[in-house]
1. What tally of residues in the stretch 184-234 results from selecting those that are assigned to a helix (DSSP H, G or I) and touching a residue at least 40 places away in the same chain (Cβ under 8 Å)?
2. Taking helices (runs of 4 or more DSSP H) that fall entirely within the stretch 1-119, which contain at least 1 residues that are within 17 Å of the chain's Cα centre (by Cα) and within 23 Å of Gln216 (Cα to Cα)?
3. Would you please name the residue that is nearest to the ligand (Cβ to nearest atom), looking only at residues in the stretch 79-103 that are among the small types (Gly, Ala, Ser) and closer than 21 Å to Leu149 by Cβ?
4. Condition check: of a type in the set (Lys, Arg), surrounded by 19 or more Cβ atoms within 10 Å (Cβ to Cβ) and within 22 Å of Asp96 (Cα to Cα). Does Arg169 satisfy that?
5. Considering only the stretch 22-73, how many residues are of a type in the set (Phe, Trp, Tyr) and within 16 Å of the ligand (Cβ to nearest atom)?
6. Checking Ile154 against (1) within 12 Å of the ligand (Cβ to nearest atom); (2) farther than 21 Å from Glu15 by Cβ; (3) crowded, with 17+ Cβ neighbours inside 10 Å; (4) of a type in the set (Val, Ile, Thr): exactly one of these is not met. Which one?
7. Would you check which residues across the stretch 150-187 are touching a helix residue (DSSP H, G or I) at 6+ places or on another chain (Cβ under 6 Å), modelled with pLDDT of 90 or more and under 28 Å from Ser231 (Cα atoms) and list them?
8. What are the residues in the stretch 135-156 that are out of contact with any Asp or Glu (no Cβ under 9 Å at 6 or more places or on another chain) and under 22 Å from Leu187 (Cβ atoms), if any?
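The values are calculated or read from the model by the stated rules, or taken from the named source; none is laboratory data. What you are looking at is a predicted structure, and each value in this text was computed from that prediction instead of being measured. We place every Cβ from the backbone using ideal geometry, glycine too, and count neighbours over all the protein chains shown.
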Amino acid sequence: MNIIKVNDTQMGGKEAFKIVKADMENGIKVLGLATGSSPITLYKEMTNSDLDFSNMTSVNLDEYVGLKPDNEQSYHYFMKEHLFSKKPFKNSYVPDGSNPDAEAATKAYDKIIEENPIDLQILGIGRNGHIGFNEPGSPLDGTTRKVSLTESTIEANTRFFEDEKDVPRFAYSMGIGSIMKAKKIILLAYGEAKADAIAATVNGPVTTDCPASALQNHPDVTLIVDDAAASKLN
Ligand code: F6R
């Protein structure tokens, strides 16, 4: 894994943007995108840039089950607010959390991923090493699935909701197998709360206990980390 150390999230956004820009200049067509706090500075760089995304396709990692796209806590809404309203893509896909039929929703999303192979995937990482909503114990070769969120993820996400009981308990998430098919991956991690997960991702065994450790088997992964997130790397 290639590791880029940065001073702060602003610099992390700039470093990630450089890669996105260079890859777009080299003709990539499909970006895999994440929500959460980690990619926000990258999305700022993208929206402030003169890059044109109108020929690009985006495929997001995940969405809460039960939230409609116009729900302010939905990942559809997040993406619109942080990126798509300012920089429209030709096509933007996010799993359909409003579809209660998990089988249909996840199959439809796998088809989308198959038809739009991801050139560059942006990832954040959970404190427990999750990528997408693939929590510890998830199959390392999985495709899109309905997943139950762990208590630690629910707790981490509570900050975005008025009440902990409003935090959705399920999500549709791209599987780790689907993520691993992306040609290139950038993982962004900032802050001390991510230090254990980053250490396990880089130095630990490849194990379902730390879903991001699967990235050790990917040929082209760049971690962009601040000092705090990198503090437990040897
Ligand atoms: C979001 C996602 C999650 C987040 C992770 C880190 O689409 O897939 O895996 O990347 O929970 O979230 P932040 O960046 O908010 O710390």
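1. Here is the first cut: in the stretch 184-234, the residues assigned to a helix (DSSP H, G or I) are 192-203, 211-217.
Then keep just the ones that are touching a residue at least 40 places away in the same chain (Cβ under 8 Å); that gives 193-194, 196-198, 200-202, 211-216.
Selection size over the stretch 184-234: 14.
2. Answer list for the stretch 1-119: 9-25, 102-115.
3. Step one: of the stretch 79-103, the residues among the small types (Gly, Ala, Ser) are 85, 92, 97-98, 102.
When the remaining residues are screened for being closer than 21 Å to Leu149 by Cβ, the result is 97-98, 102.
Working: Gly97: 12, Ser98: 17, Ala102: 18 Å.
The residue in question is Gly97.
4. No.
5. Residues in the stretch 22-73 being of a type in the set (Phe, Trp, Tyr) and within 16 Å of the ligand (Cβ to nearest atom): 2 in total.
6. Tallying (1) within 12 Å of the ligand (Cβ to nearest atom); (2) farther than 21 Å from Glu15 by Cβ; (3) crowded, with 17+ Cβ neighbours inside 10 Å; (4) of a type in the set (Val, Ile, Thr), Ile154 fails exactly one: (3).
7. Listed by number, the residues that qualify are Ile176, Ile186.
8. Residues satisfying the conditions are Glu135, Ser138, Pro139, Leu140, Asp141, Gly142, Arg145, Ala156.
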